[in-house]
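Below you'll find the structure, written out as structure tokens, and then a few comments.
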Amino acid sequence: MPEPTRPNSAGRHDAPETSAPQSDNGFTRAADPAPEGWQGSVWVTGQVCSRDQRRGRYTRESAAHPGKMLPSIARYAIATYSRIGEWVLDPMAGIGTTVVEAMHLGRRGIGVEYEPRWAELAAGNLRHAAAQGATGSGQVFTGDSRRLPMLVPAQARGRVSLVITSPPYGSSTHGHVRTPGPRRGRVRKLHHLYGADTGNLAYQDHDELAAGFTQILTGCAAVLRPGGHVVVTARPYRRHGELVDIPGMVAAAGQNAGLRLHERCVALIAGVRGGRLVTRASFFQLKNLRAAIAAGDPQWLVQHEDVLVFQAPGSSGRASAPPPGRLGPGGASGGAA
């Protein structure tokens, strides 16, 4: 993917920091074409499906995680809100997507993961990135990010330029589907659970999730450099037919953690072909949608992630992203619907 450029102090765009993706074993690595220049508040990050973005770049075992971040979203945020050689942190690292993409973009990535199983998979992905020639470095630690400052290496505290993460969705994750056929039983759901540890925030109720995520963002604020950014991707989901406002929870958590809401953007999961959206809905999303429509409750497929960008107090004196509402080439003003 041609990495996005960012405005310098004169308002112009610098040259992209990286070249087009290379290929591994005949597969394009994490390719996802995007318009050159600033994309505004709509990130065109869904042009290649998630499976093809990860193929050859992540281990096969990584598919077992139920809530993986789209690599192109992490990559776009890293190229936009950090520079080569800076620290990039994910306090809920999962299989290490943020850290892997940071390594490939020449940053110093740090990941913290609560579940040892996923931390081990993340470590494997970091080794794979290094073997592929990633110019940055990466580390992953196992621990509870509600105590984040204790887990981040001392040399990075107060120097982290960018945090990228996403809250867990618990039982709302859809996982993978296996259709064995009419003679082999019912449709089966696979890879839809985070792990067996009930202390995981993924298994808490909404109020506990909000409190825990506020603790995590408070820890992020403590390790950020002055003026550093926190990028959180989230989307609403339905529980028993009712819409749960996860992006709203994230906005409140960030502000309660002492961060300023800097931008609110949309990262597309759908592809764009001939001016039309190509949905990438799961089997269960389509099944639930059709059932709701049949019951007289019209619903819509969510085909984007809300991206909430927070900023730490203080200023590094560096050029930052455009303020909310500013238009860029191919972009649109405003936040997520």
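Values quoted throughout were computed directly from the atomic coordinates according to the rules given, and no laboratory measurement underlies them. Since this is a predicted model, take the numbers as computed values, not measurements. Heads up, the Cβs are rebuilt from the backbone with ideal geometry, glycines too, and the neighbour counts pull from every protein chain shown.
Quick look at the numbers
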| read-out | value |
| --- | --- |
| Estimated distance in nm for a label pair at Asn256 and Val278, the labels positioned 7 Å out from Cα along Cα-to-Cβ | 4.1 nm |
| Rounded to whole Hz, the Karplus (6.51, -1.76, 1.60) HN-Hα couplings of region 99-115, x for glycine and proline | 5, 4, 5, 5, 4, 5, 9, x, 9, 9, x, 10, x, 10, 10, 6, 8 |
| Extension reserve of the Arg147-Ala222 stretch, reckoned as 0.36 nm per residue once the Cα distance is removed | 25.9 nm |
| Under 5 Å, built H, 5+ apart or other chain: amide partners of Val272 | Val278 |
| FRET E, pair Leu286, Asp245, Förster distance 22 Å, beta-carbon r, rounded to 0.05 | 0.45 |
| Additional length obtainable on full extension of the chain from Ala295 to His206, 0.36 nm per residue less Cα span | 29.4 nm |
| Per-residue ³J(HN,Hα) for region 149-158, Karplus 6.51 cos²θ - 1.76 cosθ + 1.60, θ = phi - 60°, Hz, x for Gly and Pro | x, 6, 9, 7, x, 4, 5, 9, 5, x |
| In sequence order, calculated HN-Hα J values of region 205-219 (Karplus, 6.51, -1.76, 1.60; Hz; x Gly/Pro) | 6, 4, 5, 5, 4, 4, 5, x, 5, 5, 4, 5, 5, 5, x |
| Region 214-304: relative contact order as a whole-number percent, Cα under 8 Å and 6+ apart | 23 percent |
| Average projection area in nm² (convex hull over Cα atoms of region 207-294, one quarter of hull surface) | 8.1 nm² |
| Amide H partners (placed H, <5 Å) of Thr142, local residues excluded | Glu113 |
